[in-house]
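Have a look at the structure below, then the notes.
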Amino acid sequence: MSYTITQSCIGCRRCLSACPTGAIQTDGTKFWIASDRCNQCQGTYGVAQCWAICPTNEGCVPLTSGVAAVPSSSTLERSPDYWEAWFATYTRMVARLRGMQESSYWHHWFDTYSQALKRLQTAH
C-alpha cells in the first residue's frame with residue numbers, strides 16, 4: 001500500500017526532496033505519489049518521510065482508494081515580481097494551516113510531552 005497526497009496539502013513542496021524513492025511526482029500543476037515507486041519508506045525509515053515532513057500532518061496519508069491530485073503552488077502564483085509571488089505563496093500556506101483542524105495525534109503528543117517536561121522540571 002502506498003501513500004497519497006490529500007486536499008490538505010498546502011503545496012510547500014517539502015515532500016519532493018524528502019521522498020527517498022522519488023515517488024512524489026509533479027507536472028507543475030498537481031502533485032501525486034506514484035504507487036509503483038512508493039514503498040512507505042520500509043527498510044529505510046520507521047515512518048513514511050512524506051508524512052513526517054508534511055507541516056499539515058494530513059497532506060500525505062496511506063492510500064485507501066482513488067488518487068487525489070492537488071494543485072502545485074508554482075501554478076497558483078505567476079507573477080514576474082519575486083516578492084509578490086513569495087507573499088502570495090506565504091499567505092496561501094498560512095491560510096490553509098490556520099483553517100485546518102488539529103489532529104488528535106498532535107494533542108496526544110503535546111499533552112504527553114508537556115507532562116514529561118513537568119516531571120523533569122520538578123525532579124530537579
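The values are calculated or read from the model by the stated rules, or taken from the named source; none is laboratory data. The shown structure was predicted, so the numbers you read here are calculated from the model rather than taken from an experiment. Note that we place each Cβ from the backbone using ideal geometry, even for glycine, and neighbour counts take in every protein chain shown. Remember, those area values only see protein heavy atoms, side chains included, never the ligands or the DNA or RNA. Shrake-Rupley method; radii C 1.70, N 1.55, O 1.52, S 1.80 Å.
Scanning the range 1-53 for residues that are β-branched (Val, Ile, Thr), touching a Phe, Trp or Tyr at 6+ places or on another chain (Cβ under 8 Å) and under 17 Å from MET93 (Cα atoms) gives a single hit, ILE5.
Just one of the listed residues (THR21, THR4) is at pLDDT 80 or above and either of a type in the set (A, V, I, L, M) or not in a loop (DSSP other than H, G, I, E, B) (or both), namely THR4. In the range 77-96 there is no residue that is modelled with pLDDT under 80, open to solvent by 50 Å² or more (accessible area, probe 1.4 Å), of a type in the set (A, V, I, L, M, F, W, C) and closer than 20 Å to CYS19 by Cβ.
On the stretch given as the range 1-22, residues that are over 25 Å from ARG98 (Cβ atoms) and touching a residue at least 24 places away in the same chain (Cβ under 8 Å) total 4.
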